[in-house]
1. I want to verify a result. In a Gaussian network model of the chain, Cα cutoff 10 Å, which of these has the top mean-square fluctuation: SER201, SER113, SER169?
2. Give me the log10 of I(q) over I(0) for the chain at q = 0.13 Å⁻¹, as the Debye formula computes it from C-alpha points; what are the numbers?
3. If each DSSP helix of 4+ residues adds -39,500 (n - 2.57) and the sum is divided by the residues in the chain, what number results at 222 nm, nearest 500 deg cm²/dmol?
4. Taking amide H positions as placed 1.01 Å from N in the peptide plane, with prolines and chain starts having none, which residues 5 or more places from CYS256, or on another chain, fall under 5 Å of its amide H?
5. Residues with amide H under 5 Å of ILE82's amide H, sequence separation 5 or more or different chain, H placed in the peptide plane at 1.01 Å from N; which?
6. Could you sort ILE68, ILE45 by accessible area so the largest value comes first, with the probe set to 1.4 Å?
7. Hey, got a sec? Which chymotrypsin sites (Phe, Trp or Tyr not before Pro) in region 256-303 land in a DSSP loop and have at most 15 other Cβ atoms within 10 Å?
8. Between region 105-137 and region 75-95, what is the separation of their alpha carbon centroids in Å?
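The values are calculated or read from the model by the stated rules, or taken from the named source; none is laboratory data. Please read these numbers as outputs of a predicted model, since none were measured by experiment. Every residue, glycine among them, receives a Cβ derived from its backbone with ideal geometry; neighbour counts consider all protein chains shown. For accessibility, only protein heavy atoms count, side chains too; no ligands or nucleic acids. Shrake-Rupley method; radii C 1.70, N 1.55, O 1.52, S 1.80 Å.
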Amino acid sequence: MEKIKWLATGGTISSVETEKGLVPASSDGQMKKMLEVLGLASENICTEQLMNIDSTEISCDDIRNIGIAADKAVRGGFDGIIITHGTDTMAYTAAILDRMMDGCPIPVIITGSQRPFFADDSDGKANLLNALNAACENIGGVHILFGDKLIRGGRAYKAYTRNDNAFISPSGKYSGSISGGKLICSEKKPDGKYIFRSDFSHKAGLIKITPMTRPEEIETAAKLYDGIVIEGYGIGAIPTRLLPAIKRSISGGVKCVLISQCLFEGVSMGVYEVGTQAKDIGVISGGDLTAEGALARLMFGEI
């Protein structure tokens, strides 16, 4: 096995049952016991517990610290990195790390589980083993490995609350898949320069358009954020009653990016007049980006 760094953050995979439900119980000792269950020697796998939280509680500062630890491992000569993480915010962390570690020359594999590792029916054992194997592949960049799919960090979306294949790529783009217990990769190792960026804006927000959305909501968000992802209707439409507030926000320096509430096929703002009107006032098309991917790109000033 290659030299692997394992960063643990808590999540369901590390959880134990309590009177009030599952609670993360990540520790260095627990990590070593997991490796023993998988029949793996720990000499080539360096474990580090970064935090022990339900991923619902994760903050931008926490994600930054995960990225800093991962970058340290890259520069420390490790061949691959795995990060165990709760599923609820995994796609957000993956999208931000994907931009933090642009052009990363080694695989950074984020995984977790729907049921605790030590549960009899746990999916965590297979996910952790597959993540460790993926971390030994000749690929680079940040990916989620969950169930039978390997997905680029900025392309992942949690689509199921219980299914073992909880994550999908709405764009249909996958980095690889698990077949017959083996990982088949379609990802190529990046040949560009590795750029690590830990300085990013927290001031990015998300608004989902509904028939009840009021202009005041747009104006309030514009005071809080430097960039707003707007989940519009269908192929790319925003109600005209909201456009004046959005126009004022854009004039004030707030970037507004339009994505679709539909999971698949993305936006094309010129198909309907309501989309063209949004484009004409400066709303930016997010194409087929997920909300997580669009937010991450706003946070790094890439949109």
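1. Result: SER201 has the largest fluctuation of those listed.
2. -0.89
3. Working: 8 runs with 84 residues, N = 303.
Here the helix-only value at 222 nm equals -8500 deg cm²/dmol.
4. ILE228, ILE284
5. Those lying under 5 Å, H to H, from ILE82 are LYS5, TRP6, LEU7, ILE109.
6. Details: ILE68 80, ILE45 5 Å².
If we order ILE68, ILE45 from most to least accessible, we get ILE68, ILE45.
7. Values: sites: PHE264, TYR272, PHE300; in loops: PHE264, TYR272, PHE300.
The qualifying sites are PHE264, TYR272.
8. With region 105-137 and region 75-95 each reduced to a Cα centre, they are spaced 11 Å.
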